[in-house]
Amino acid sequence: MSNSWASSRLDLYIPLDVTGGRRSGLESALRAAIHQGRLPAGTPLPSTRGLARELGLSRGTVSAAYDQLAEEGYLTARPGSGTRVAEVSQRAQAPARRAPAPAAPRHDLRPGLPDLSAFPTRAWLAATRRVLTHARPEVFGAGDPQGRIELRDALADYLGRTRGVITTPDRIVITSGYHQGLGLLSGVLAADGTRTVAAEDPGHNSYRDVVRRAGLTVQALPVDTHGARVEALTQSAGAVFLTPSHQYPTGVPLHPGRRRALAAWARSAGGLIVEDDYDGEYRYDRQPVGALQSIAPDQVVYCGTASKTLGPALRLAWMVLPSHLVRPVVRAKQHADLYTETLGQLVLADLITTHAYDRHIRAARLRYRRRRELLLDRVAAVPGLTAHGVPAGLHTLVTLPSDGPAEDRLLTRCAHHGLALRGLTELHHDPAGRPQGLLVGFAAPSERACPAAFDALFTVLASFAA
C-alpha cells in the first residue's frame, strides 16, 4: 500500500501484509523499511492519526505499533518533535556492496575536455529563469525531432556570423551530442546505398567505430602537415569524415588548396563531406579558420557541439545538412530517441541570442591561450619532445623521440602519478610502426590546478629523458 506521508511531506511505499494481524503487519513493514535503508535515521514519521487515515487502520493500531518499535529501539518519540527513526545501524542488515567507482585522476589532461569549473553558471541560471518565465505550456510537452526552432534560428545566425556557415534554420537538426548525430548520419548513408567512406588517419577511433556499426567500410585517408591528403580519396568513397579547421589529433588545419580540391571532388564524384568542427571556436593567434561548409554548402554536412564550449553533460549538438538529407536524418532522429531534451535547447538559444555565449567563449580563449603557451614552454625544455599543430583547440600533440620510451610505458607511468591523458598510437587505423606521442589536453584543469598538472606531467617526462 502506498502512503503519501502528508504530515511529514515524504512519500514511501509500505507493502503492508496483514495476514498476521494489522498491527504486526505495520510493525514488520516499518522494520523492513528501516533495515533496508528506505527510512534512514532521523526521518520524521507521520502522526498516528495521519498514518492511520492513510493506511485505513485505527489510530490505536498505529499507536501500539509505534510504541512497540520505540521499545525495540527503532523509533524515538519526543514531545514537540514527533516520532522519528532512531539510529539503528547496528541492527540493520548490511546492504549489498556496490562496486567502487573508478577513482578520478588527480590531473585530467585528456584532450577535448573544457574547463568545467568555468561553466557559466550565472548566465545559465539567468537564461533558465527567462526561459521558464516566458515558457508556454507546450514547451513541457513532446519536442520536435528536428530541434526547437528557437535554437535553430539562433544557430543559423551564430554559425553564419562566427564560422561562415551558410544555412537557414530548416537545414539544421539538433542531436543529443555529436556521437548521436554521427550515428544517425551514417545510418542514413548506409540505407541510401553508401558502402565505403573515408576517414582521417590518424583520427578519432571511437567515431570510426560509430561509422562501422552502421555497416560502412572505413578507408584510411592519410594526414600530413597540410591536413588530409585529398588526392588519396578513391572513387569508391561515398563520403569523407574529417576535421578541417583543427585536425584531430595532429592539430593542423586543412590547406586552402586541399579545401578547394575536396570541394571539387565532392561535386564531381557526388561525394559527401562530413565536417566535424569540434573546437573551431578556439584559435589563439588570429581569427578562427572559417568552416569548410561555406565553400560547398550543398556537399558538406557541418557538425558542431556545445561539449567543448560549455560541457558534454548538456548533450547538445547540431548538424547543418544539405537539403536532401534533412528529412531522412530527422526521421532517423525520431526513431532513435524522438527528440533532444527541450529546456536545454531553449536555454542555449537564449545564451546565444543575448551574446552570453560569445562572452563565455572569448573568456575561455584567453584562459586556454595562456595554458597552451605554458605547455609549449614546458615541452621545449625537455629534449626530444616536439609539439605539433597551430595555436588552436583544447589539446596539443607531443611526439616522442624514436629512441625514447615506448608510449605505453609512458602512459602507464603517468597513470601511476595520477595523470590522465591519451596516446597517439591508438588513433591510427593501423597502429603498427606509427609515430608515438601524447595528446595533452590543457583545458580541463582549472586555472589553479593547471600548473600542478603540468608539473606532474613533466616530472614524469623528464625522468624518462634523463
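The values are calculated or read from the model by the stated rules, or taken from the named source; none is laboratory data. Fair warning: this is a prediction, and the values are worked out from it, not measured in the lab. Cβ: placed from backbone, ideal geometry, glycine included. Neighbour counts: every protein chain shown. These area figures cover heavy atoms from the full protein model, side chains too; ligands, DNA and RNA do not enter into them. Shrake-Rupley method; radii C 1.70, N 1.55, O 1.52, S 1.80 Å.
Report, largest value first, the span of the C-alpha coordinates of region 356-466 along each principal axis, in whole Å.
Each principal axis gives a Cα extent; for region 356-466 these are 47, 30, 23 Å.
Multiply the residue separation of ARG213 and ALA462 by 0.36 nm, subtract the distance between their alpha-carbon atoms, and state the gained length in nm to one decimal. Kindly include the intermediate steps, with their values, before the conclusion.
Values: separation 249, 0.36 × 249 = 89.64 nm, distance 4.12 nm.
Extra length from ARG213 to ALA462 when fully extended: 85.5 nm.
List the longest stretch of the chain that has no exposed loop site; here a site is one of the GluC sites (Glu not before Pro) assigned by DSSP to anything other than H, G, I, E or B, with at most 15 other Cβ within 10 Å.
Working: sites that count: GLU72, GLU87, GLU341, GLU447.
With a cap of 15 other Cβ atoms within 10 Å, the longest stretch comes to 88-340.
Spelling out what I want: for every residue of region 319-328, take phi, set θ = phi - 60°, compute 6.51 cos²θ - 1.76 cosθ + 1.60 (Karplus), and round to whole Hz; glycine and proline get x.
10, 9, 10, x, 4, 6, 9, 4, 4, x
Can you give the convex hull volume per residue for the Cα atoms of region 96-154, as a whole number of Å³? Please report the intermediate quantities before stating the final value.
Values: hull volume 14.5 nm³, N = 59.
Roughly 246 Å³ of hull volume per residue.
As I understand it, the dipole of region 277-394 uses +1 on the Cβ of Lys and Arg and -1 on the Cβ of Asp and Glu, about the Cα centre. Which of ALA364, ALA313, HIS335 lies farthest toward its positive end?
Going by the charge dipole, the pick is ALA364.
When Lys and Arg each count +1 and Asp and Glu each count -1, what net charge do the other residues less than 14 Å away from GLY141, Cβ to Cβ, add up to? Don't skip to the end; give the middle numbers.
Values: positive: ARG136, ARG148; negative: GLU138, ASP144, GLU341.
With Lys, Arg at +1 and Asp, Glu at -1, the net is -1.
For VAL301, which sequence-distant residues (separation of 5 or more, or a different chain) have an amide H within less than 5 Å of its own amide H, given hydrogens modelled in the peptide plane?
For VAL301, the qualifying residues are ILE273, VAL274, GLU275.
With both bridge residues required to lie in the chain, what share of the DSSP beta bridges run antiparallel, to the nearest 5%? Mind dumping the intermediate values first?
Numbers: 28 of 47 bridges.
Just about 60 percent of them are antiparallel.
In nm, what is the difference between 0.36 nm times the number of residues separating ARG78 and ARG130 and their Cα-Cα distance? All intermediate terms of the calculation are to be shown ahead of the outcome.
Numbers: separation 52, 0.36 × 52 = 18.72 nm, distance 4.56 nm.
Extending this stretch completely gives an extra 14.2 nm.
Report TYR339's accessible area, 1.4 Å probe, all protein chains in place, as a number in Å² to the nearest 10.
Its heavy atoms expose roughly 70 Å² to the probe.
Roughly what would the spin-label model give for ALA363 and ALA336, points 7 Å off Cα along C-beta, in nm?
Taking the simple label geometry, ALA363 and ALA336 are separated by 3.2 nm.
Under 13 Å from the 7 Å Cα→Cβ point of ARG106, by amide nitrogen: which residues of region 438-466?
Under cut-off, by backbone N: 452-460.
Need one number: nm distance between label points at SER402 and ASP192, each 7 Å from Cα along Cα→Cβ, rounded to one decimal.
4.4 nm
Taking 0.36 nm per residue of separation and subtracting the Cα-Cα distance, what length does fully extending ARG286 through ALA41 add? Don't jump to the answer; show the numbers that get you there.
Values: separation 245, 0.36 × 245 = 88.20 nm, distance 5.98 nm.
Working it through step by step, the gained length comes to 82.2 nm.
So, in Å, what gap is there between the alpha-carbon centers of region 399-459 and region 227-296?
27 Å
Suppose every Lys and Arg Cβ carries +1 and every Asp and Glu Cβ carries -1, with no other charges. What dipole size does the chain come out with about its Cα centre, to the nearest 20 debye?
Working: 54 positive and 42 negative charges, 172 e Å.
It comes to approximately 820 debye.
Ordered by residue, what ³J(HN,Hα) values in Hz, to whole numbers, does region 184-194 give under the Karplus form 6.51 cos²θ - 1.76 cosθ + 1.60, where θ = phi - 60° and Gly and Pro are x?
Rounded to whole hertz, the list is 4, 5, 4, x, 5, 4, 5, 5, 8, x, 5.
Shape of region 221-327 from its Cα gyration tensor (a ≥ b ≥ c, root eigenvalues): rounded if a/c is under 1.5, otherwise prolate when a/b > b/c, or oblate? Write out the running numbers ahead of the final one.
Details: a/c = 1.89, a/b = 1.22, b/c = 1.55.
Judged from the Cα gyration tensor, region 221-327 comes out oblate (a/c at least 1.5, b/c at or above a/b).
Would you report the distance distribution of C-alpha pairs in region 193-277 as whole percents per 10 angstrom bin, up to the bin with the largest distance?
Taking all Cα pairs of region 193-277, the binned fractions are 20, 56, 24, 1 percent.
Using a 1.4 Å probe, how large is the accessible area of SER294, given in Å² and rounded to the nearest 10?
Only protein atoms counted, so the area is about 40 Å².
Take the alpha carbon atoms of the chain, find their radius of gyration, then divide it by 2.2 N^0.38 Å using N residues; give the quotient.
Numbers: Rg = 28.9 Å, N = 466, 2.2 N^0.38 = 22.7 Å.
Against the empirical 2.2 N^0.38 Å value, I get 1.27 for the chain.
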